[in-house]
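Asker: This structure is in C-alpha cells; I'll ask about it shortly.
The values are calculated or read from the model by the stated rules, or taken from the named source; none is laboratory data. Source: prediction; values computed, not measured. A quick note on method: Cβ atoms are made from the backbone with ideal geometry, for glycine too, and the neighbour counts reach across all protein chains shown. The accessibility values were calculated without ligands, DNA or RNA, using every heavy atom of the protein model including side chains. Shrake-Rupley method; radii C 1.70, N 1.55, O 1.52, S 1.80 Å.
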Amino acid sequence: MYGKMKDFLAQELKSIEEAGLYKRERTITSPQQAEITVKDKGKILNFCANNYLGLSDNPRLIETAKKAMDDRGFGMSSVRFICGKQDIHEELEKAISDYFKTEDTILYAACFDANGGVFEPLMGLEDAIISDSLNHASIIDGVRLNRAKRYRYANADMKELEECLQKAQEQRFRIIVTDGVFSMDGNVAPMDKICDLAEKYDALVMVDECHSAGVVGKTGHGVSELFNTYGRVDIYTGTLGKAFGGGIGGFTTGRKEIIDLLRQRSRPYLFSNSIPPAIVGASIEMFKMLKESNELHDKLVRNVEYFRTKMMDAGFDIKPTQSAICAVMLYDAKLSQNFASRMQDEGIFVTGFYYPVVPKDQARIRVQLSARHEIEHLDKAIAAFIKVGKELKVLK
Ligand SMILES: *Cc1c(COP(=O)(O)O)cnc(C)c1O
C-alpha cells in the first residue's frame, strides 16, 4: 500500500532538495564543547551550539549525573499523576522557582512541550493570545492548539502591540506572549514596555526564556533581571537544553494557581514521561553552581564583547545584540551559504541563514558565543572571518 505514497514523498523530498532547503546533519563524535570532532572532517571550532555557559561537558555535572543514576536509577517509566515523581524532581522545580523568583514550577520533557501545553488549559474561546511575529515554532504550535482569538504584532513593535491590546479588550482574558531573546537577531524583547502595556490594558505576560535565561541580565538570570520586571511577568517557559547544561528538559514557572492548573490539565505533562534522574540530579547541581559563582556568565559576557568589537573593527556589519547571539549580516542568500562553507574549510563551524528563516535580503551568518570559548578560539574565528570576508569581497 505504501507504493503511491512513497512516490509522492520522493517527489516532495526532491523539491526540497531543488529549492536548496534540504537539511543535512553533521555527525559529531566528541562531546559538545568549544572544539568538536566531526565524522570524516576532523576537529572544528563550534560557534553554532546553544552551549552558552559551556556546561555541556562540565565534569561536575557529568559526575552528579552518574551519581543520580546510581541513586535513583536510569528511567522513570511513568507519568507523574499515575506513578508519582521522585524527590529530586520536586527539588529541581524548587531550584528553578528560586532562580526565576517565581512561586512554582512544572517540569516537561522539553520546552517545546512546555509551550505546547501552556495555552490550552488557561485560555478559551472568549480569550485572546497576543503573540510576537518572531516567536518560536513551539509557541506558534501551542497557540494553534487553542481556540482563543489570536493577534500578532511585528517583532518587538510596541505600537502594534498596543493596537492589538486595544482590539482585544472585547475578550475576557488577554495574554501577551514573547520570546525573551529572538534567535535570529539576538535582540531582547522590551519586557519593561511590554509589562507597562499589559498593566494598562489588563493582560497577562508570558516570556519564553530559552535563549535569554543564563545569558541576559547582570548575573544572567534572564529578562526580569535585565529589565527588573520581577513580579510583573506571570509565566516564564524555558529549557534545560541550552545554557542550563544542554541535556534535555523544559519547564514553565510562574504564578502558583497557573502552575497548579497546568499539573491538572496540561496534556504534554499528563501524557508524557518524566525526565530521567541523571538529568534531574545534574540540573539541581547546575543551579547550585550558578548560585556559587557568576564566573561562567561573566566569561560569556566578556567573550561576546570581545568578538563583537573585533568583528566591527574589522568592518563587518553586526546586528546590535544584547545576548550571546551575534548576526554577521551578509544580506545575500548565496553569499551566506558560500561564506559558511568556506568558514568550515577554515575550521570554524558557523551556519548561514537565509529566506525563509530570516526575511528576504537579510541573509546572515549566525554566531553563538559560549563561556567554553577561550580567547584563542575567538581569535581564530575572527581571523577566519577576515580571511573569508576579503576573499568573498565582503571586506575591502
Ligand atoms: C530551543 C527553543 C525551544 C525549544 O526548547 P527544547 O527544550 O529544546 O524543546 C522553545 N522556545 C525557544 C524560544 C527556543 O529557542
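Asker: Under a plain spin-label model, where a point goes 7 Å from the Cα along Cα-to-Cβ, how far apart in nm are A383 and E18?
Answerer: The modelled label-to-label distance comes out at 4.5 nm.
Asker: Okay, next question. Taking all protein chains as present, what is the carbon and sulfur share of the accessible area of the range 287-370, in % to the nearest whole number, probe 1.4 Å? Display every interim value, and only then the final one.
Answerer: Details: 2010 of 3910 Å².
Summing carbon and sulfur atoms, their accessible area is 51 percent of the total for the range 287-370.
Asker: Something else now. Per-residue counts of other Cβ atoms within 10 Å, averaged by peptide: what ranking do you get for 120-126, 6-12, 356-362, highest first?
Answerer: Values: 120-126: 17.0, 6-12: 10.1, 356-362: 13.4.
Packing proxy ranking, top to bottom: 120-126, 356-362, 6-12.
Asker: Let me ask something else. Need the list of lysines near K85 for cross-linking: C-alpha distance under 16 angstrom, and skip anything on the same chain fewer than eight residues off.
Answerer: K94
Asker: Ignoring ligands, DNA and RNA, how do H377, H136, H297 rank by accessible area with a 1.4 Å probe, largest first?
Answerer: Working: H377 40, H136 75, H297 10 Å².
I get H136, H377, H297, largest accessible area first.
Asker: Okay, helix-only estimate at 222 nm for the chain: each DSSP H run of n ≥ 4 adds -39500 (n - 2.57), divide by all residues, round to 500 deg cm²/dmol; what do you get? Kindly include the intermediate steps, with their values, before the conclusion.
Answerer: Details: 16 runs with 171 residues, N = 396.
Value at 222 nm, helices only: -13000 deg cm²/dmol.
Asker: Here is a follow-up. For the chain, what is the relative contact order in percent, using Cα pairs closer than 8 Å and at least 6 residues apart in sequence? Walk me through the numbers before you get to the answer.
Answerer: On the way: 784 pairs, mean separation 85.9, N = 396.
22 percent.
Asker: Under a Cβ-only charge scheme (Lys and Arg +1, Asp and Glu -1), can you give me the dipole magnitude of the chain about the Cα centre, in debye to the nearest 20? Display every interim value, and only then the final one.
Answerer: Working: 54 positive and 56 negative charges, 186 e Å.
That gives the chain a dipole magnitude of about 900 debye.
Asker: I would also like to ask the following. Can you list residues whose amide H is under 5 Å from I28's amide H, if they're 5+ apart or on another chain and H is modeled 1.01 Å from N?
Answerer: K39
Asker: Now for a separate question. Across the range 38-44, in residue order, what do the Karplus-derived ³J(HN,Hα) couplings come to in whole Hz, using 6.51 cos²θ - 1.76 cosθ + 1.60 with θ = phi - 60° and x for Gly and Pro?
Answerer: These are the phi-based 3J(HN,Hα) values: 10, 3, 6, 10, x, 7, 8 Hz.
Asker: Solvent-accessible area of C83, probe 1.4 Å, all protein chains present, reported in Å² to the nearest ten, please.
Answerer: 100
Asker: Which percentage, to the nearest 5, of the DSSP beta bridges contained in the range 59-292 is antiparallel?
Answerer: Details: 11 of 28 bridges.
Expressed as a percentage, antiparallel bridges in the range 59-292 total about 40.
Asker: If you don't mind, there's one more thing I want to ask. Take peptides 314-322, 189-197, 279-287 and line them up by average Cβ neighbours within 10 Å, highest first, as a rough protection proxy. Don't skip to the answer; put the middle values down first.
Answerer: Numbers: 314-322: 15.4, 189-197: 19.7, 279-287: 24.1.
Those peptides, ordered most packed to least, come out 279-287, 189-197, 314-322.
Asker: Can you give the net charge of the other residues whose Cβ lies under 13 Å from the Cβ of Q171, counting K and R as +1 and D and E as -1?
Answerer: Details: positive: R147, K149, R150, K167, R172, R174; negative: E126, D127, E170, D202.
Cβ neighbours under 13 Å give a net charge of +2.
Asker: Taking the solvent-accessible surface of protein heavy atoms with a 1.4 Å probe, what is the per residue accessible area of the range 20-97 in Å²? Spell out each step's value before the answer.
Answerer: Values: 4690 Å² over 78 residues.
Per-residue accessible area for the range 20-97 comes out at 60 Å².
Asker: While we're here: Share of the range 132-223's accessible area from carbon and sulfur, percent, 1.4 Å? Could the numbers behind the result be given before it?
Answerer: Numbers: 1900 of 3830 Å².
Ligands and nucleic acids excluded, carbon and sulfur reach 50 percent.
Asker: Take the alpha carbon atoms of the range 136-207, find their center, do the same for the range 309-382, and report the distance between the two centers in whole angstrom.
Answerer: 29
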